[in-house]
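Student: Dropping a structure here in structure tokens format, bear with me for questions.
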Amino acid sequence: NVAAGNTNTVTAQYVPPGSPVGTAAVVTVPDDARVRVSRLTVAKEVCGSAQPADCTAGGTGPWQENGTAPTGSAVHWRITVTNPGEADLTAITLNDSGEATCMTAAGSFDLAAGATKAFFCSTANVVANKTNTVTAQYVPPGAAPGTLPVLTAPDGATVNVYGLTLANEACASLSAAD
């Protein structure tokens, strides 16, 4: 399991056939091969502010793993994708079955080694507690055609909704006992 890039250098040496005893070995020019590790992480957070402006692109949040919201409100999500690997990655996509607008917001995107990118999306009219989970996927650079994508570990955020339900009933009976 290679966790970091590595360069392997090799030389060969030999004594030419038929050479007199004591002939110095011929040493080839060094040659090397390098492996670069690709890696991708994803984090999903929910906005903890009641102010919508705090929950959009560049908003201050606070962004957190667990949040609360009044029933029927819009919930705002932030997905942060980081490439801590050594290789630039292309054609990255998100998988988010809980909120399709999150996948739409990201589309297919590229991420240079060491870079981070954030995407923002929302779910309208949330009336029940909701956990929203996301993964990202990419095909490693230089992979053979038909190589299956690498899938990140999932990450999720949860919003718990709160509110009151009011019931208004009128009694149609003329009897006070009813």
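Student: Across segment 69-96, what is the number of residues that are crowded, with 16+ Cβ neighbours inside 10 Å and either over 17 Å from Gln137 (Cα atoms) or among the aromatic types (Phe, Trp, Tyr) (or both)?
Tutor: Qualifying residue count, segment 69-96: 6.
Student: In segment 52-82, what residues are of a type in the set (Gly, Ala, Ser) and over 30 Å from Ser38 (Cβ atoms)? Don't jump to the end; show me each part of the working.
Tutor: Looking only at segment 52-82, we keep the residues that are of a type in the set (Gly, Ala, Ser), and these are 53, 57-59, 61, 67, 69, 72-74.
Answer for segment 52-82, where residues must be of a type in the set (Gly, Ala, Ser) and over 30 Å from Ser38 (Cβ atoms): Ala53, Gly59, Gly67, Ala69, Gly72, Ser73, Ala74.
Student: Do the conditions hold for Val15, that is, is it of a type in the set (Val, Ile, Thr) and loosely packed, with under 10 Cβ neighbours inside 10 Å? Give the steps one after another, and end with the answer.
Tutor: Details: of a type in the set (Val, Ile, Thr): yes; loosely packed, with under 10 Cβ neighbours inside 10 Å: no.
Judged against the criteria, Val15 is not a match.
Student: Name, by its number, the condition in (1) assigned to a loop (DSSP other than H, G, I, E, B); (2) in contact with a strand residue (DSSP E or B) (Cβ under 6 Å, 6 or more places away or on another chain) that does not hold for Leu148.
Tutor: It is condition (2) that Leu148 fails.
Student: Oh, and also: Which residues, taken from segment 111-169, are under 30 Å from Ala87 (Cβ atoms), of a type in the set (Val, Ile, Thr) and either out of contact with any helix residue (DSSP H, G or I) (no Cβ under 9 Å at 6 or more places or on another chain) or open to solvent by 80 Å² or more (accessible area, probe 1.4 Å) (or both)? First the steps, then the outcome.
Tutor: In the first step, residues of segment 111-169 are kept if they are under 30 Å from Ala87 (Cβ atoms); the result is 111-121, 132-157.
With of a type in the set (Val, Ile, Thr) added as a condition, the list becomes 116, 133-135, 139, 147, 150, 152.
Result: Thr116, Thr133, Thr135, Val139, Thr147, Val150, Thr152.
Student: Taking only segment 20-68 into account, find how many residues are in a loop (DSSP other than H, G, I, E, B), open to solvent by 40 Å² or more (accessible area, probe 1.4 Å) and of a type outside the set (Gly, Ala, Ser). Even if it seems obvious, please write down each step before you answer.
Tutor: From segment 20-68, those in a loop (DSSP other than H, G, I, E, B) are 20-25, 28-30, 36-40, 48-51, 56-62, 65; that's our starting set.
Then drop every residue that is not open to solvent by 40 Å² or more (accessible area, probe 1.4 Å), which leaves 20-25, 28-30, 36, 39, 50-51, 56-58, 60, 62, 65.
If we keep only those that are of a type outside the set (Gly, Ala, Ser) too, we end up with 20-21, 23, 28-30, 36, 39, 51, 56, 60, 62, 65.
Total meeting the criteria: 13.
Student: Now, a different point. Going through segment 97-110 one residue at a time, which ones are open to solvent by 60 Å² or more (accessible area, probe 1.4 Å) and within 17 Å of Asn83 (Cα to Cα)?
Tutor: Passing the criteria: Ser108, Asp110.
Student: Can you find a residue in segment 20-38 that is within 18 Å of the chain's Cα centre (by Cα) and at pLDDT below 90?
Tutor: So the first thing to find is which residues in segment 20-38 are within 18 Å of the chain's Cα centre (by Cα), and the list is 37-38.
From the residues that got through so far, the ones that are at pLDDT below 90 too are 37-38.
Yes; the residues of segment 20-38 include at least one that is within 18 Å of the chain's Cα centre (by Cα) and at pLDDT below 90.
Student: Quick check, is Thr80 within 15 Å of the chain's Cα centre (by Cα), closer than 17 Å to Thr158 by Cα and free of Cβ contacts under 8 Å to residues at least 40 places away in the same chain?
Tutor: On the way: within 15 Å of the chain's Cα centre (by Cα): yes; closer than 17 Å to Thr158 by Cα: yes; free of Cβ contacts under 8 Å to residues at least 40 places away in the same chain: yes.
Here the answer is yes, as Thr80 does meet what is asked.
Yes/no per residue for (1) at pLDDT 95 or above; (2) within 18 Å of Thr41 (Cα to Cα):
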residue: Ala105; (1), (2): no, yes
residue: Phe109; (1), (2): yes, yes
residue: Thr116; (1), (2): yes, yes
residue: Thr123; (1), (2): no, no
residue: Ala143; (1), (2): no, no
residue: Gly146; (1), (2): no, no
residue: Pro154; (1), (2): yes, yes
residue: Thr158; (1), (2): yes, no
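The values are calculated or read from the model by the stated rules, or taken from the named source; none is laboratory data. What you see is a predicted model, and the numbers here were worked out from it, not measured in a lab. Heads up, the Cβs are rebuilt from the backbone with ideal geometry, glycines too, and the neighbour counts pull from every protein chain shown. The accessibility values were calculated without ligands, DNA or RNA, using every heavy atom of the protein model including side chains. Shrake-Rupley method; radii C 1.70, N 1.55, O 1.52, S 1.80 Å.
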